[in-house]
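The values are calculated or read from the model by the stated rules, or taken from the named source; none is laboratory data. Since the model is a prediction, treat every value here as computed from it, not as a measurement. A quick note on method: Cβ atoms are made from the backbone with ideal geometry, for glycine too, and the neighbour counts reach across all protein chains shown. SASA here: full protein model, heavy atoms, side chains in, ligands and nucleic acids out. Shrake-Rupley method; radii C 1.70, N 1.55, O 1.52, S 1.80 Å.
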Amino acid sequence: MAATIDLYSDTKTRPTDAMRRAIATAEVGDEQKFEDPTINRLRERVCALLGKEDAVFLPSGTMANEIAIAVHCRPGDEVLAERQSHIVNFEAGGPGALAGVMIQAIDGSNGLFTAGQVKAYVRPADRHMPRTRLVCVEQTANLGGGRVWPLAQLEAVAEASHAAGLATHMDGARFFNAVVAAGVAPERYAAGYDSLFIDFSKGLGCPIGAMLAGSRGFIEEAWRLKQRWGGAMRQAGIVGAAALYALDHHVERLAEDHENAQRLARGLAEIPGLAIDPASVETNLVYFDVTAPGWTASRFVEALDRAGVQMVDMGPRRVRAVTHLDVSRADVDRALGLVRQVLGT
Ligand SMILES: *Cc1c(COP(=O)(O)O)cnc(C)c1O
């Protein structure tokens, strides 16, 4: 049988041979003593890219979000985040457990919300109420279908937040997908945000790692939590070398993932029993519904898995497929054939 086509997530990428060579030859030192030359280069590179004063390397994007929330807020404060966001759904209750904050979920549209909504959700100064302290956005919005926040909307949200005295944080797990899809410079997307993280282990194809960036004072506080929560590392340049390699070689190529996602979406749209609007696919995340009678998303995903294609069910009828470094155009075409075979169309 041919190799499995893994459309489960862009986290499934394996380091390429060239990335492994960069890893093998990395100069390393003690990261938490600032003695790792590779991590130091990575910090400088990311600060310049994002237009921030400082940055800290972390094992995961989840840790970056949780540290950012804990630095911006005090226990009892309230965070505004979109209802479908990673922070609300996939961080094991971290904001409550680690920062002692409440989240007020904004009901946005495709994972995005507006400056008007920020104004409407901010609490008045009233000692009975939690103090609204932080607004979080997700670029791109994962459960929103990989939607790209338009620059003007991001700027308006940041402006409204700052005007209300709130801090702003961006979950940039797929930040570079937005950069490449919209052709907006990274520092412009980052400008209104007091902190943001970029993930190396998603579309950029690294095994591990994220970088949280912000002001010097913010990163100093972030370091205290990195240390406290066990995220301070030693010869981290081993993985930092992969991140530097990815910034050189795996950013522009995200356009290929977006083309493949479009190709997949258009192919799926032609298959009876599936529902998708290809125009809703802006980056590398393809969400669609299984509408064929007698089918559910989980049955579809199981049958497809047996046929050699991995996707993930995200609801009773909803399925997600993700294109990435290890998925070629030919894989997309083969996957479409196998989807037809499974549905018997
Ligand atoms: C994957 C993801 C994260 C967390 O990143 P990890 O590196 O897997 O911890 C955060 N936000 C979004 C939108 C994600 O997709």
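Numbers for the structure displayed
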| item | result |
| --- | --- |
| 0 to 90° range, to nearest 10: angle between helix 37-50 axis and the chain longest Cα axis | 90 degrees |
| Estimated translational D of segment 31-113 in µm²/s (Stokes, Kirkwood radius over Cα pairs; 20 °C; 1.002 mPa s) | 148 µm²/s |
| Under Karplus coefficients 6.51, -1.76 and 1.60, residue-wise ³J(HN,Hα) of segment 327-334 in Hz, glycine/proline x | 10, 9, 4, 5, 4, 4, 5, 5 |
| Cα centroid separation - segment 60-111 against segment 151-188, whole Å | 17 Å |
| For segment 108-171, fraction of C-alpha pairs farther apart than 16 Å, in % | 44 percent |
| Accessible solvent surface per residue of the chain, calculated while the other protein chains remain in place, 1.4 angstrom probe, Å² | 41 Å² |
| Kirkwood-Stokes translational diffusion coefficient of segment 68-119, alpha-carbon pairs, 10 °C, 1.306 mPa s, µm²/s | 140 µm²/s |
| Cα pair count fraction exceeding 27 Å, expressed as % - the chain | 47 percent |
| Rg over Rh, two decimals, segment 182-247 (C-alpha only, Kirkwood Rh) | 1.00 |
| Charge dipole magnitude, Cβ of K and R +1, D and E -1 - segment 172-278, Cα centre, debye nearest 20 | 440 debye |
| Kirkwood hydrodynamic radius of segment 266-345, from inverse mean 1/r over distinct Cα pairs, in Å | 12.6 Å |
| Degrees separating the helix 297-307 axis from the principal Cα axis of the chain, which is the longest one | 60 degrees |
| Pair Ala279, Arg266: separation of 7 Å Cα→Cβ label points (nm) | 1.5 nm |
| For the chain, built as a Gaussian network whose Cα springs stay under 10 Å, the top-fluctuating residue of Val251, Val135, Val79 | Val251 |
| Gaussian network model of the chain, Cα within-10 Å springs - most flexible of Phe90, Phe218, Phe197 | Phe90 |
| Residue of Ala210, Ala297, Ala18 that the Gaussian network model of the chain assigns the largest fluctuation, springs spanning Cα pairs under 10 Å | Ala18 |
| With every protein chain in place, the chain: carbon and sulfur % of accessible area (1.4 Å) | 50 percent |
| Dipole magnitude of the chain, debye to nearest 20 (Cβ charges: Lys/Arg +1, Asp/Glu -1, about Cα centre) | 420 debye |
| Segment 59-173 shape via C-alpha gyration tensor axes, a/c threshold 1.5 | oblate |
| Accessible area (Å², 1.4 Å probe, nearest 10) - Thr323 | 0 Å² |
